[in-house]
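Student: If you scroll down you'll find the structure; I have some questions about it.
Please treat every number below as a calculation from the coordinates, not as lab data. Keep in mind it's a predicted model, so treat the numbers as computed, not measured. Quick reminder, even Gly has a Cβ in these numbers, built from the backbone with ideal geometry, and neighbours come from all protein chains shown.
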Ligand code: SF4
Ligand code: SF4
Ligand code: SF4
């Protein structure tokens, strides 16, 4: 790659200059777990300038100018530029598992275990990363009532960085608790943030998401059945009915209970679960 600055003192401002151009939807479609990690890869010369579908051709032109690289068409392997769509949660079917909160890179979903979850539409970037993990498919795309602009991008960057800082604090606290304080990252803060976000934002292949959903649904139903049997026996031996996850306030097992062996869920990085 031409003209690559290898000095860390030059690299950090360059990462910031590149990051300032990126859309900040944190959608991971570029193949990196957020805009800043992609900016770091661009600055290091390990990523191409045509991997960001939300930025489209206009972003490619700006990156080509900034990095003195030849312009390229958008790489179709990363998708195409599409209209901004936010998401909404179907309150009637949400089982309060919190998986969407864990997937959201900008903390745009609020809720607690076994409680209905809600999307903060003003904070949502439309990244759609919360949709695949939902075990009951109750998150849907909705048209965005606004245009994505620099002000929204700036707010999304702040929320992303605040979340990364929180995850780092949690990781340090956990490391201290285990008596193994985290060593400084050998490649600096930007790389640490990239690593944290890589751990926190599950970029789940489509087939893996389906497997995860199936396993989670089966586990929820199994727990529900095991709890329904003693209640049925206590009620006089009638056959117990499984609590209906689609009924609001139904007795649904807490998906934030301690992991079971073979649990497919991501590590507990969620403040609602950490509770
Ligand atoms: S907007 Fe999405 S695809 Fe573009 S740099 Fe940010 S995370 Fe990557
Ligand atoms: S609510 Fe869903 S679509 Fe919106 S920012 Fe969070 S993960 Fe992305
Ligand atoms: S992943 Fe789906 S079911 Fe679980 S809390 Fe989020 S919206 Fe509700």
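Student: What whole-number volume per residue, in cubic angstrom, does the convex hull of the C-alpha atoms of the stretch 1-114 give?
Tutor: Convex hull volume per residue, Cα atoms: 119 Å³.
Student: Below 8 Å between Cα atoms, with a sequence gap of 6+, how large is the relative contact order for the stretch 1-147 in percent?
Tutor: Normalised by residue count, the contact order of the stretch 1-147 is 21 percent.
Student: Still on this model: Between residue 16 and residue 57, with labels modelled 7 Å along Cα→Cβ, what's the label distance in nm to one decimal, could you check?
Tutor: Calculated label separation equals 3.3 nm.
Student: Sorted by packing (mean other beta-carbon atoms within 10 Å per residue), highest first, where do 128-136, 27-35, 142-150 land?
Tutor: Highest-to-lowest ranking by the protection proxy: 27-35, 128-136, 142-150.
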